[in-house]
Amino acid sequence: MGQAQAKPQPKKRVLVVGAGAAGTACAWSLSRFPGRFEVEVWEALPVPGGVASSCTVKDGQHVINDQVQGGAPSYRHNLRLLELFGFKPTPVMMRIAFGVGDKQWTNHSPSELTSRLQPEIARFGRVLRWISRLEPIFVFVPIDRVLRWLRFSDDFRYQMVFPLVALFFGTGNQTPHVSAAVISRVFLDPHLRLFDYCPQRLLNSVPEMFAFPVLEEVWATIARKSDFKLCCSRPLARLRRLPGGGVMATDTAGVTASFDEVVYGCDAETVLRTMENPTWLERRLLRNVRYYTDFCLTHEDAAYMAEMYDMRPGTKQQQQQQQPQGQRQEQWAEQRQEQQGRQQQQEEQRCGKDNYFVRTYGGADRDKIEMSFNLSTYQPHLQEADLDIYQTYYLDAQNRHLWSDSKVDPSKVLASRWMRQFAHTWTHFAFWVPWVRFIQGTRHTWYCGSYTMVNTQEIAVISGLAAAERLGADYPFAHDPLAAQQFDTFMAVVHGRRRRRPTTAAAKSD
């Protein structure tokens, strides 16, 4: 008798809820193994990408990326995906302007504020190192409390630390409540930080970042070239996990389909709204993810920007601090100033205008901010247009009485958008992030998205690949040491598991 042949294993049917960065990354990774997975993605919006979205402005003449903008060179998973599907990011020299008047400072020139606060800036570096050494303790302590305990000034806290962290990690007006351990990593972690800490000015470099190409094209291309079924404009209405295994999903049109596994690649609020039978632990943990409503205006109101922000901060102060002193030097001071002016003009032509602007409210609300971007300075599809298109973000609708959106000329508004953003408070890192591992895989249900850790596009992509890895799809970027290290860290924190070794089965090439 011949040797009995093993029965082929049936394909595992997987539903991915949400075609944002996390959901699409998960679906793509699973689709590399078409003999093992049959993947379907349900997306509520008419196009994939989620918050990584694009829109047209000025009667369709120009396209902009209107939420996600770009990233750091350490965003290895995003860069690898772009490369894999034929896209090229655009290098950007990141120039930021904080505050106005005597409260202004930048990452590219000296200012009165940084000179005055230099002793506190130096002391802050020592505090960060102590927080890093005692991270298991400080993960439960808000950064504002630490800075108050150690008697840091209001100007240092509200004009420097909080606006900086809010800008780069999307923490918004909740920044004072962010875990001190997270703030330490922002400045010291070699794989997370965006700037090198400077004991004289806090920041003193213009780092090279990258801007994404048109994001709608990126995610649409990934979906089109991958072996999974994308169902746009198909919101999930309810999902029931069956006692014998598997799930039943129903869309808003009442159409029902069955799957073996479900991956939630959407926000925690959607999970709680659509899941009919969550466990006690799922319900308890998912409710610990808190959301706030923000508002974004895309406009070309240069007068509003000039009123609200210092559009070219630091130049005058920089020249004053560099101006020669003494009787002998006064003879050529004017010549020196003219030379500096020419050098400054050349520098502006080389590096361009400031990209990011942050303003802090006054009085009792000095812990809250607004921020604006000049999209034309770094989005590659706008740089040749010879115009300035701005985006201004107004944070937390509960504080709408503070917003300055009414000062924007309505005739110069190009687009508007309401958004839900999760809060990076210390409770997020104490009562959600360390515990999400215990609900991963519960009743064939998996969770991915930036809310599983921190609000970055890189974490979103990593989280989707991690969910796919748990389902059996080998990690695709093991050849990139930095990417693999970041992935392994995420797996340890959010899944409590190590990465599996690759299987012998070859993945389908794209």
For residue 140, only one of the following conditions fails: (1) assigned to a helix (DSSP H, G or I); (2) of a type outside the set (Ser, Thr, Tyr); (3) touching a residue at least 40 places away in the same chain (Cβ under 8 Å). What is its number? (1)
Cβ pairs under 8 Å, 6+ apart or interchain, first in the range 44-61 and in contact (Cβ under 8 Å) with a residue 24 or more places away in the chain, second part of a loop (DSSP other than H, G, I, E, B) and β-branched (Val, Ile, Thr), ordered by first then second residue, are 51/68; 52/68; 53/47; 53/68; 54/214; 57/389
Looking only at residues in the range 1-47 that are of a type in the set (Lys, Arg) and assigned to a loop (DSSP other than H, G, I, E, B), which one is modelled with the lowest pLDDT? 7
So, of the residues in the range 102-122 that are of a type in the set (S, T, N, Q) and in a loop (DSSP other than H, G, I, E, B), which turns out to be surrounded by the fewest Cβ atoms within 10 Å (Cβ to Cβ)? 104
Mind listing whichever residues of the range 206-229 are charged (D, E, K, R), within 24 Å of residue 65 (Cα to Cα) and either part of a loop (DSSP other than H, G, I, E, B) or touching a residue at least 24 places away in the same chain (Cβ under 8 Å) (or both)? 208, 216, 217, 225
Take the range 148-205 and flag every residue that is part of a helix (DSSP H, G or I) and either in the same structural domain as residue 455 (by TED's automatic domain parsing) or of a type in the set (Lys, Arg) (or both). 148, 157, 185
Within the range 408-436, can you find the residues that are of a type in the set (Phe, Trp, Tyr), assigned to a loop (DSSP other than H, G, I, E, B) and crowded, with 20+ Cβ neighbours inside 10 Å? 432
State yes or no: is residue 125 modelled with pLDDT under 90, in the same structural domain as residue 355 (by TED's automatic domain parsing), of a type in the set (Gly, Ala, Ser) and surrounded by fewer than 20 Cβ atoms within 10 Å (Cβ to Cβ)? no
What number goes with the only condition from (1) surrounded by fewer than 19 Cβ atoms within 10 Å (Cβ to Cβ); (2) farther than 19 Å from residue 17 by Cβ; (3) not hydrophobic (A, V, I, L, M, F, W, C) that residue 440 does not pass? (2)
Within 25 Å of residue 356 (Cβ to Cβ) and surrounded by fewer than 22 Cβ atoms within 10 Å (Cβ to Cβ), is that true of residue 142? yes
Among the listed residues 114, 106, identify the single one that is touching a residue at least 12 places away in the same chain (Cβ under 8 Å) and touching a Pro at 6+ places or on another chain (Cβ under 6 Å). 106
Does at least one position in the range 390-404 carry a residue that is in contact (Cβ under 8 Å) with a residue 12 or more places away in the chain, within 12 Å of residue 297 (Cβ to Cβ), assigned to a helix (DSSP H, G or I) and touching a His at 6+ places or on another chain (Cβ under 6 Å)? no
For the range 192-204, name all the residues that are modelled with pLDDT under 80 and either surrounded by 14 or more Cβ atoms within 10 Å (Cβ to Cβ) or under 14 Å from residue 109 (Cα atoms) (or both). 192, 193, 194, 195, 204
If we keep just the residues of the range 237-257 that are out of contact with any Asp or Glu (no Cβ under 6 Å at 6 or more places or on another chain) and not in a strand (DSSP E or B), which is nearest to residue 269 (Cα to Cα)? 252
Just for the range 371-387: of the residues that are among the aliphatic types (A, V, I, L, M) and under 12 Å from residue 64 (Cβ atoms), which one is nearest to the chain's Cα centre (by Cα)? 375
Restricting attention to the range 30-55, which residues are of a type in the set (Ser, Thr, Tyr) and more than 22 Å from residue 456 (Cα to Cα)? 31
Subset of the range 103-135 (residues that are touching a strand residue (DSSP E or B) at 6+ places or on another chain (Cβ under 9 Å) and of a type in the set (Phe, Trp, Tyr)): 105, 124
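The values are calculated or read from the model by the stated rules, or taken from the named source; none is laboratory data. Since this is a predicted model, take the numbers as computed values, not measurements. Glycine gets a Cβ as well: all are built from the backbone with ideal geometry, and neighbour counts include every protein chain shown.
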